[in-house]
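The values are calculated or read from the model by the stated rules, or taken from the named source; none is laboratory data. All values reported here derive from a predicted model rather than from experimental measurement. So basically every Cβ, Gly included, is an ideal-geometry build from the backbone, and we count neighbours across all protein chains shown. Surface areas here come from the heavy atoms of the whole protein model, side chains and all, with no ligands, DNA or RNA. Shrake-Rupley method; radii C 1.70, N 1.55, O 1.52, S 1.80 Å.
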Amino acid sequence: ARAARRGAADCLGTSAGDCEGRARRLYELAAKQGNADAALRLGDMTLRAGDAARAVGHYQAAHELRHAQATFALAWCYQRGLGVRRDLHLAKRHFGLAAEADADAAWPVRLALGLLYAEWGLQEAARRRPGAAARL
């Protein structure tokens, strides 16, 4: 990851696409060596490029290395159905794992869980009374 940041300085005078391509290659090398930060950055870059399924793979790799931010991103993907089947139970589980992995994740996780519970409540209301959710 450090090499990717250092490589960004070398990109002055080149196109943004060339610079991003170089950063991607350096992050890929670092991720293959087990760098969780690099896997997270690859996930972010891939998600921005529109390939959510591949992004989830990068987030999963970083999550397995106990990276709290990647675990949070993975939870968000499950909550939104980005690159994976939408699963609010798995989203909740991964949000909890992110909070366990890093105490600094506690507040973002609480906010995300609040949103998740609100969404869950709306889904449950819609399931029980099909016309109720449309009126909200």
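General remarks:
- When the solvent-accessible area of the chain is split by element, carbon and sulfur atoms take up 54 percent of it, the probe being 1.4 Å.
- The listed peptides 95-104, 32-41, ordered by packing as a protection proxy, come out as 32-41, 95-104 (highest mean of other Cβ atoms within 10 Å first).
- Computed from Cα positions, the angle between helix 68-80 and the longest principal axis of the chain comes to roughly 50 degrees.
- Inverse mean reciprocal Cα-Cα distance (Kirkwood Rh) of the chain, Å: 16.3 Å
- Size of electric dipole in the range 16-128: Cβ of Lys, Arg +1 and of Asp, Glu -1, about Cα centre, debye, nearest 20: 320 debye
- Debye equation applied to the C-alpha atoms of the range 25-92, log10 I(q)/I(0) at 0.12, 0.24, 0.26, 0.27 Å⁻¹: -0.26, -0.94, -1.06, -1.12
- The value of relative contact order for the range 16-128, using C-alpha pairs under 8 Å at least six residues apart, is 16 percent.
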